[in-house]
Amino acid sequence: MGIFGVFNRQKKEAANLGGSLLVDIHSHLLPGIDDGAPTMDHTIGMLRKFEELGYQKLILTPHVMSGVYDNTSEIILRKLDEVRKVSQELGLKLTLEASAEYYFDETLFERIRTKDLLPFHGNHILFEFSFRNRPSQVEDIVFGLKSAGYQPVLAHFERYMYFHPSIEVAKSLRERGCYIQVNLNSFTGHYGPDVKNQAIRLLKSGLIDILGSDCHRLQHLELLESSLRETVFHQLLEAKVKNPLFL
Ligand SMILES: [Fe+2]
């Protein structure tokens, strides 16, 4: 058994993770505006599954990436309206809100300057780095967001391979006031063993502020559901994360 072997053991009962987190703050459910749900039918399938898993509220965060996903706040809020209507008609009880996942590039600094951002929970901004190239202005973006009155939330820290196996950058960002978000499916091994190990390192070191599904399709939730008996998901129930505070 490897050093993380203890996290792979299975318990009999599935962890009631959705019922404990209550709020998911990272997903791609708004139909047809990024690489998530392609149609409203796909959106509905995921909404139903989130409700089954015990969640009470979802904050929908489509990609905003200049030249790739040019989603304005107006586009996002219009889509949110459509999804809310359908959800109500279906009798679903989930509370739905929208924000975005902002890709870190030169345009993000301009967005901060002009306050062209759609935060969640008042002032929280979810942002992501390139998966390929280590960003050079990691601290600058956190400083920029904080100075403008926003609460930065770095998406899926464990997925940036150029930081592996160190968690020092996560520590340093947290010291500067940035929250670290980790994907639930990183603990299932969905993104590979290195990402899983990095997620477990963050968990063991108490560096996870927020957990997110980063759900792009129903299969992501089904994989999560089928993994909830694993010990690591019971450990996650004990992690002091902020998700319920966003209810
Ligand atoms: Fe995402």
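The values are calculated or read from the model by the stated rules, or taken from the named source; none is laboratory data. Since the model is a prediction, treat every value here as computed from it, not as a measurement. No Cβ is skipped: glycine too gets one built from the backbone with ideal geometry, and neighbour counts run over all protein chains shown.
Does region 199-218 contain any residue that is within 15 Å of the ligand (Cβ to nearest atom), in a loop (DSSP other than H, G, I, E, B), at positive phi and not acidic (Asp, Glu)? So far as region 199-218 goes, no, none of its residues is within 15 Å of the ligand (Cβ to nearest atom), in a loop (DSSP other than H, G, I, E, B), at positive phi and not acidic (Asp, Glu). When restricted to residues that are touching an Asp or Glu at 6+ places or on another chain (Cβ under 7 Å) and either in a loop (DSSP other than H, G, I, E, B) or at pLDDT below 95 (or both), region 46-60 contains 2. Filtered by the rule that a residue be among the hydrophobic types (A, V, I, L, M, F, W, C) and either more than 13 Å from the ligand (Cβ to nearest atom) or loosely packed, with under 13 Cβ neighbours inside 10 Å (or both), region 59-88 gives VAL68, ILE75, ILE76, LEU77, LEU80, VAL83, VAL86.
For region 188-208, indicate whether the set of residues that are modelled with pLDDT of 95 or more and closer than 20 Å to GLY54 by Cα is non-empty. Yes; the residues of region 188-208 include at least one that is modelled with pLDDT of 95 or more and closer than 20 Å to GLY54 by Cα.
Within region 178-185, not a single residue is surrounded by fewer than 16 Cβ atoms within 10 Å (Cβ to Cβ) and outside any helix (DSSP H, G or I).
If I filter region 36-58 down to residues being under 19 Å from the mean Cα position of the chain (by Cα) and among the polar types (S, T, N, Q), which single residue comes out as farthest from the ligand (Cβ to nearest atom)? Residue satisfying both the conditions and the ranking: GLN56. Taken over region 133-172, the criterion of being away from the ligand (no atom under 15 Å from the Cβ) and of a type in the set (Val, Ile, Thr) is satisfied by VAL138, ILE141, VAL142, ILE167, VAL169. Testing SER130 on (1) within 16 Å of the ligand (Cβ to nearest atom); (2) buried (at least 18 other Cβ atoms within 10 Å of the Cβ), one condition comes back false. Which one is that? Result: SER130 fails condition (2) only. Tell me, please, whether a residue that is out of contact with any Gly (no Cβ under 9 Å at 6 or more places or on another chain) and of a type in the set (Ser, Thr, Tyr) can be found in region 46-69. Among the residues of region 46-69, at least one is out of contact with any Gly (no Cβ under 9 Å at 6 or more places or on another chain) and of a type in the set (Ser, Thr, Tyr), which makes the answer yes. Going residue by residue through region 28-36, is there one that turns out to be farther than 29 Å from PHE109 by Cβ and at pLDDT 95 or above? The answer is yes; a qualifying residue exists. Among the residues in region 111-131, are any free of Cβ contacts under 8 Å to residues at least 24 places away in the same chain, of a type in the set (Lys, Arg) and in contact with a strand residue (DSSP E or B) (Cβ under 9 Å, 6 or more places away or on another chain)? Yes: one or more hits.
The residues of region 180-189 that are more than 13 Å from PHE233 (Cβ to Cβ) and without any contact (Cβ under 8 Å) to a residue 60 or more places away in the chain amount to a single one, ILE180.
Restricting the first member to region 53-64 and to residues that are of a type in the set (Lys, Arg), and the second to residues that are surrounded by fewer than 19 Cβ atoms within 10 Å (Cβ to Cβ), the beta-carbon pairs closer than 6 Å and six or more apart or on different chains are LYS57/THR95; LYS57/LEU247.
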